[in-house]
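Only the coordinates and a few stated rules stand behind these numbers; no lab work does. Being a predicted model, the structure only gives us computed values, none of them experimental. Quick reminder, even Gly has a Cβ in these numbers, built from the backbone with ideal geometry, and neighbours come from all protein chains shown.
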């Protein structure tokens, strides 16, 4: 039974802030599953639910930090890593899968979507490694982000929501579709590339709330 005790002790170590972080991860994961269901069943309600879950993930992401600050004496050892892993799912993988689901499936599209996710992972890893160095000596709080935070991808989700609402989900997704060499490309995918590049920028500094 020692293994069971160790397992349960990890669960007991979760704080209310960690529960919100896990809610963030759950929203992103279910959003991905619903995108896969939509591809199989073509049920618009499934995809609308996938859209709604990502802003809900953002709410959980904002609230987990707020709740953690309310009780600074009960800090979670897992909290920082949990937050980064949840953000990768909800604001990296899920928006990329959403774009793919809505028609960004050309070879170059997939390359750019992969670049976007990799940038998100790299940006979070850099923050985790440099947070201590970036922290204010007096308060111990990180006062700014290097590069745009990964939850900014919710802007892309909003743009795709507009496209889906106007029913412009086809090969002419807003800016058309082109064959470039051996693969296809939707210019709309460029917004993912720009977002990814902004996340890993070392010169762009965003004040941290």
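Give me 121, 162 ranked fewest to most by other Cβ atoms within 10 Å of their Cβ, as a rough exposure proxy. Each step should come with its number before you reach the end.
Details: 121 18, 162 10.
Least crowded to most crowded, the residues run 162, 121.
Using alpha-carbon positions, what is the distance between the centroids of the range 183-202 and the range 77-107, in Å?
After rounding, the separation between the Cα centres reads 14 Å.
Starting from the 7 Å offset along Cα-to-Cβ, what nm value, one decimal, do you get for the label separation of residue 159 and residue 175?
Modelled inter-label distance: 0.7 nm.
Ranked by Cβ crowding within 10 angstrom, fewest neighbours first, how are 186, 179 ordered? Could the numbers behind the result be given before it?
Numbers: 186 23, 179 11.
Fewest-to-most Cβ neighbours within 10 Å comes out as 179, 186.
Give me 104, 85 ranked fewest to most by other Cβ atoms within 10 Å of their Cβ, as a rough exposure proxy.
Final ranking by Cβ density, sparse to dense: 85, 104.
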